[in-house]
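As structure tokens, the structure follows; a few thoughts come after it.
Where a number appears in this text, it was derived from the coordinates with a stated rule and is not lab data. Everything quoted here is computed from the prediction, not taken from an experiment. Here Cβ is always computed from backbone atoms with ideal geometry, including for glycine, and neighbour counts include all displayed protein chains.
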Amino acid sequence: MKYTDVYIEFKNENIYIEQYFTGEGITDELIRLDIIKSDIIFVFKAPEVRKFTEFAMS
């Protein structure tokens, strides 16, 4: 059995968070590392929901 807690892709100078099943704040950690919110895309959220966040749409 295979299980992934976090699945992140780095492409086109953005960070695509595909899956996020941890209790830890991976997004907070990325921001703490000076990654700007507009470079982070939550793929696991529907585009209709993403537009209400401070993060990138796509």
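To the nearest 500 deg cm²/dmol, what mean residue ellipticity at 222 nm is calculated for the chain from DSSP H runs of n ≥ 4 alone, each contributing -39,500 (n - 2.57), summed and divided by the residues?
That calculation yields -4000 deg cm²/dmol at 222 nm.
Considering Cα pairs under 8 angstrom that are at least six residues apart, work out the relative contact order of region 6-50 and quote it in whole percent.
Worked out over region 6-50, it gives 39 percent.
Label Lys37 and Glu18 with points 7 Å out from Cα along Cα→Cβ: what is the distance between them in nm?
Result for the modelled spin labels: 2.6 nm.
What does the charge dipole of the chain about its Cα centre add up to, to the nearest 20 debye, if the Cβ of each Lys and Arg holds +1 and the Cβ of each Asp and Glu holds -1?
200
Could you point to the residue in Asn14, Leu33, Ser58 farthest towards the positive end of the chain's charge dipole, with +1 and -1 charges on the Cβ of Lys/Arg and Asp/Glu respectively?
About the Cα centre, the residue reaching furthest to the positive side is Ser58.
Please identify the longest segment of the chain free of exposed trypsin sites (Lys or Arg not before Pro), where exposed means a DSSP state other than H, G, I, E or B and no more than 10 other Cβ atoms within 10 Å.
Result, exposed sites excluded: 3-50.
Quick one: the Cα spread of the chain along its three principal axes, in angstroms, biggest first?
34, 27, 23
Please sort by residue number the GluC sites (Glu not before Pro) in region 3-58 whose DSSP state is loop and whose Cβ has at most 14 other Cβ atoms within 10 Å.
Those satisfying the criteria are Glu13, Glu24, Glu54.
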